[in-house]
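Asker: Let me begin by handing over the structure; questions about it come next.
The values are calculated or read from the model by the stated rules, or taken from the named source; none is laboratory data. Note that the structure is a prediction, hence the values are computed from the model and not measured. Cβ coordinates were reconstructed from backbone atoms using ideal geometry, including for glycine residues, and neighbour counts include every protein chain displayed.
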Number of protein chains: 2
Amino acid sequence: MPKLITKIKEYRAKTNMKQEELAQLIGVRRETIGHLENGKYNPSLKMAMDIAKVFMVPVEELFQFID
Amino acid sequence: MPKLITKIKEYRAKTNMKQEELAQLIGVRRETIGHLENGKYNPSLKMAMDIAKVFMVPVEELFQFID
DNA sequence: TTATTAAGTTATAAATATATAACATTAGGA
DNA sequence: TCCTAATGTTATATATTTATAACTTAATAA
C-alpha cells in the first residue's frame, strides 16, 4: 500500500489560503482537502492537476507516492 | 464536463508496447488502459503517475483536461 | 470566560473508477 | 483467404473517492 505525501498544506500556508478557499477554487469540499492533506486517499488526476494549477507547480512537486 | 486527452497510445507506439504489457507493468487490467486511452474516465493520481514513470515523462506531458 | 474561525474527524450516502468476463472488430502475416 | 494477436466495447460487480452533515478540537480575540 503506497502512501501519499503532499505539500498542499505548505503551499497553502505560503499563500495564506484556507482549506475552504482552496476547496472553492477547485470545486470540492473543505473536508476533501483536509483528508487529502492528511493522506487519507489517492485523489483523481483531475483534482490533483487542478490543485497544482492553483499553485502553479507540476503535479510531481505537489504529490509523491512512497513505497 | 472536462474531457481528458492523453498521449498514452503515442508513447506506447513509440516504444512498441502493447496495452497488455503496460497494464501489467503498472498492475491494472488491459481494458483499463484501453478505456483510459479512449478518454472514458478520469484516472487516479497514482495510476497516472505510474504510467508517466514508465515513459519517463511528466504527468502533464501525458494527460491534459480540455474545457 | 465566551465567541469565533479554521481544521480534524467520523459515519453514511452517492458517485465514479476499476475489475472481471465475454464477445466483437480490426489489422497483419501466413 | 484464414488465423491470430491486439484492441474495442459492453454489462455487471466491486472498490474507492468524494459529498454531506454533524460533532470535536485548537487557537485566538473580545
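Asker: What pairs come up if the first residue lies in region A:17-30 and is under 17 Å from A:Ala52 (Cβ atoms), the second is more than 8 Å from DNA strand C (Cβ to nearest atom) and among the basic types (Lys, Arg), and their beta carbons are under 8 Å apart, counting only those six or more places apart or on different chains?
Answerer: Between residues of region A:17-30 that are under 17 Å from A:Ala52 (Cβ atoms) and residues that are more than 8 Å from DNA strand C (Cβ to nearest atom) and among the basic types (Lys, Arg), the close pairs are A:Ala23/A:Arg29.
Asker: Please verify whether A:Ala13 is within 11 Å of DNA strand D (Cβ to nearest atom) and among the small types (Gly, Ala, Ser), treating the condition exactly as stated.
Answerer: No.
Asker: Okay, moving on. Mind listing just one residue for me: the one in region B:31-67 that is more than 7 Å from chain A (Cβ to nearest Cβ) and among the β-branched types (Val, Ile, Thr) and, of those, surrounded by the fewest Cβ atoms within 10 Å (Cβ to Cβ)?
Answerer: Once the filter is applied, the top-ranked residue is B:Ile66.
Asker: What are the pairs with Cβ atoms under 7 angstrom where one residue, in region A:41-56, is within 12 Å of DNA strand C (Cβ to nearest atom) and the other, located anywhere, is modelled with pLDDT under 95 and assigned to a loop (DSSP other than H, G, I, E, B)? Sequence gap at least six, or different chains.
Answerer: Taking only residues 6 or more apart or on different chains, the pairs are A:Lys46/B:Pro2.
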